[in-house]
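The structure appears right after this line, and notes come after that.
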Amino acid sequence: MAEITANEIISGLIDKARRAQMIYAGYNQQQVDEVVTAVGWKIMDPTTNRRLSEQAVSDTGLGRVEDKITKNYRKTLGLLRDLRHARTVGIIAEYPDRGLIEIARPVGVVAAITPSTNPVATPFNKTLNSLKGGNAVILAPSPKGESVCVEVVKLMRDALRQVGAPEDLVQKLPAPIDKKMTMILMQQSDLVVITGSQNNVRAGAQSGTPAIGVGTGNVAGIIDETADIEHAAANITASKVFDNATSCSSENSIIVLDALYDQMLLAMQSHGARLLTTDEKELLRRAMWPEGKLNPLVVARTANEILDVAGIAYEGQTTMIMVEEDFIDPSNPFCDEKLSPVLTVFRAHDFDHAIERVRSIYAINGAGHSVGMHSRDDDRILRLGLELPVCRVIVNQAHCFATGGSFDNGLPFSLSMGCGTWGGNVISDNMNYRHYINTTRIVKTIAADEPELSSIFGDFWNKYNIKPDHQP
């Protein structure tokens with residue numbers, strides 16, 4: 001019997017997905033919402049959430065079980081809140097004064113590429129958004145996250161069966177998953193949504209299929225002299241240590257103004273941070289980048305585990321490791337994303353200097369994503385949005401919780417943050433259900449609104465003493 005080729009395997013999955021999606025395309029909004037609710041409950045069920053979280057950490061070796069449970073719960077609950085009243089079937093908006101009617105249409109079959117850092121929350125997030133848009137989805141997890149993804153897909157298909165929906169609305173690539181199979185999937189799908197390595201993002205862009213990828217992290221935060229120091233220290237600590245810093249939204253650097261530099265370091269240390277000496281910093285650098293690349297033994301590990309790898313003695317529980325730095329250059333790995341509870345601390349003479357330091361860091365990596373700001377000065381906060389290459393300015397919040405949507409801010413709940421053209425992305429907002437639908441517009445005539453030529457060019461003509469020969 002001839003061996004089945006990768007193309008034949010993917011074609012079989014796509015065929016099943018298209019047949020399922022054709023049936024699903026006939027569902028009304030109420031039926032679609034029931035499907036979304038049924039699938040969403042599978043991860044919200046506390047027993048299932050814990051089981052999946054434990055397996056995710058066991059399989060990938062990344063993060064903390066309790067934090068995975070929290071992440072799965074909050075991100076899914078927030079997403080379900082966002083989806084609850086959203087219209088994604090049939091007529092979704094009417095603008096009589098503009099003569100427009102907007103109709104939502106499915107994109108078809110979605111190829112969802114998901115990372116090992118969030119092997120449960122991200123597949124659920126992408127699947128719920130896909131289903132809300134009336135689509136079928138085929139998941140391509142990272143190799144480390146493949147085993148737990150099997151369980152995730154099984155649960156989702158159980159939910160679909162429970163409400164009488166076609167089970168093949170949700171599928172995954174079979175193991176062993178490799179780059180070739182993932183590329184074929186992207187080529188044969190209708191939409192590619194990618195969260196993960198920049199290699200995957202670039203592959204999606206080269207697949208020939210419309211692709212939405214998101215940029216890398218390497219978040220920096222500024223703390224100025226108007227900040228509530230204790231509040232800032234508590235939030236930065238909570239953000240940095242959550243799930244051992246697997247989130248792309250965890251701070252990798254903070255820039256502290258001179259006026260409160262020493263106070264801020266003491267506040268961070270009061271929350272369990274360890275400030276390394278110059279010699280200890282060199283030991284850490286060698287341990288984290290032994291051959292110029294980030295050591296897997298430190299990725300998403302606890303601070304104490306990282307100190308062990310570096311051969312640095314410690315007493316008690318360390319929440320995070322801090323290193324002081326002044327040299328911003330691509331050759332300095334402490335300026336880049338570290339995917340671990342290691343925080344680089346920079347000093348700034350004043351606020352202008354702080355902005356320039358962030359700009360220099362983002363010129364190395366992380367442009368487009370976001371910046372944190374701990375301050376009471378609204379003018380300075382606005383300056384960050386006007387001057388820095390970022391899509392989000394997170395103000396006085398725990399950055400990794402706030403960037404992907406929170407119950408006390410207005411961003412959509414998501415695990416995929418678009419970074420705009422600064423980060424090589426086609427979107428600058430949080431990836432959400434609107435990115436999973438096509439919009440058809442019915443266009444009717446309205447009263448003509450054609451301006452006089454002089455109303456457009458009059459001021460320009462007068463300023464430059466232009467006298468047109470004639471006007472139509």
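What to note about this one:
- For region 205-216, the condition holds for at least one residue, the condition being that it is under 25 Å from ASN425 (Cα atoms), in a helix (DSSP H, G or I) and touching a strand residue (DSSP E or B) at 6+ places or on another chain (Cβ under 8 Å).
- When we screen CYS400, CYS391 for residues that are in contact with a Phe, Trp or Tyr (Cβ under 6 Å, 6 or more places away or on another chain) and of a type in the set (A, V, I, L, M, F, W, C), the only hit is CYS400.
- Tallying residues that are of a type in the set (Val, Ile, Thr) and surrounded by fewer than 21 Cβ atoms within 10 Å (Cβ to Cβ) within region 346-378 yields 2.
- Scoring LEU415 on the criteria (1) crowded, with 22+ Cβ neighbours inside 10 Å; (2) more than 30 Å from ALA267 (Cα to Cα) leaves a single failure, condition (2).
- THR237 falls short on exactly one of the conditions (1) in the same structural domain as GLU315 (by TED's automatic domain parsing); (2) farther than 23 Å from PRO296 by Cα; (3) touching a residue at least 60 places away in the same chain (Cβ under 8 Å), and that condition is (2).
- Residue check, GLY215 in contact (Cβ under 8 Å) with a residue 24 or more places away in the chain, under 26 Å from VAL36 (Cβ atoms) and within 23 Å of the chain's Cα centre (by Cα): no
- Filter pass, VAL443 being among the aliphatic types (A, V, I, L, M), within 26 Å of ALA104 (Cβ to Cβ) and either modelled with pLDDT of 95 or more or not assigned by TED's automatic domain parsing to the domain that holds VAL109 (or both): yes
- Here ILE394 passes the criteria (1) of a type in the set (Val, Ile, Thr); (2) touching a helix residue (DSSP H, G or I) at 6+ places or on another chain (Cβ under 8 Å); (3) surrounded by fewer than 24 Cβ atoms within 10 Å (Cβ to Cβ) except the one numbered (3).
- Being in contact with a Gly (Cβ under 8 Å, 6 or more places away or on another chain) and part of a strand (DSSP E or B) holds for only one residue in GLY405, GLY372, and it is GLY372.
- Some residue of region 69-80 being surrounded by 15 or more Cβ atoms within 10 Å (Cβ to Cβ), more than 22 Å from PHE413 (Cβ to Cβ) and touching a helix residue (DSSP H, G or I) at 6+ places or on another chain (Cβ under 9 Å): no
- Residues that are under 30 Å from ILE446 (Cα atoms) number at least 2 in the following strands (runs of 3 or more DSSP E) confined to region 88-197: 90-95, 100-106.
- Some residue of region 418-425 being crowded, with 21+ Cβ neighbours inside 10 Å, outside the structural domain of ALA25 (by TED's automatic domain parsing), more than 11 Å from the chain's Cα centre (by Cα) and outside any loop (DSSP other than H, G, I, E, B): yes
- In region 298-350, of all residues being among the basic types (Lys, Arg) and either in a loop (DSSP other than H, G, I, E, B) or under 25 Å from the mean Cα position of the chain (by Cα) (or both), the one that is nearest to ILE222 (Cα to Cα) corresponds to LYS338.
- Residues satisfying the stated conditions in region 10-31, i.e. hydroxyl-bearing (Ser, Thr, Tyr) and either free of Cβ contacts under 8 Å to residues at least 60 places away in the same chain or farther than 11 Å from PRO106 by Cβ (or both): SER11
The values are calculated or read from the model by the stated rules, or taken from the named source; none is laboratory data. These numbers were taken from a predicted model, which means no experiment stands behind them. Don't worry about glycine lacking a Cβ; one is built from the backbone with ideal geometry, like all the others, and counts go over all protein chains shown.
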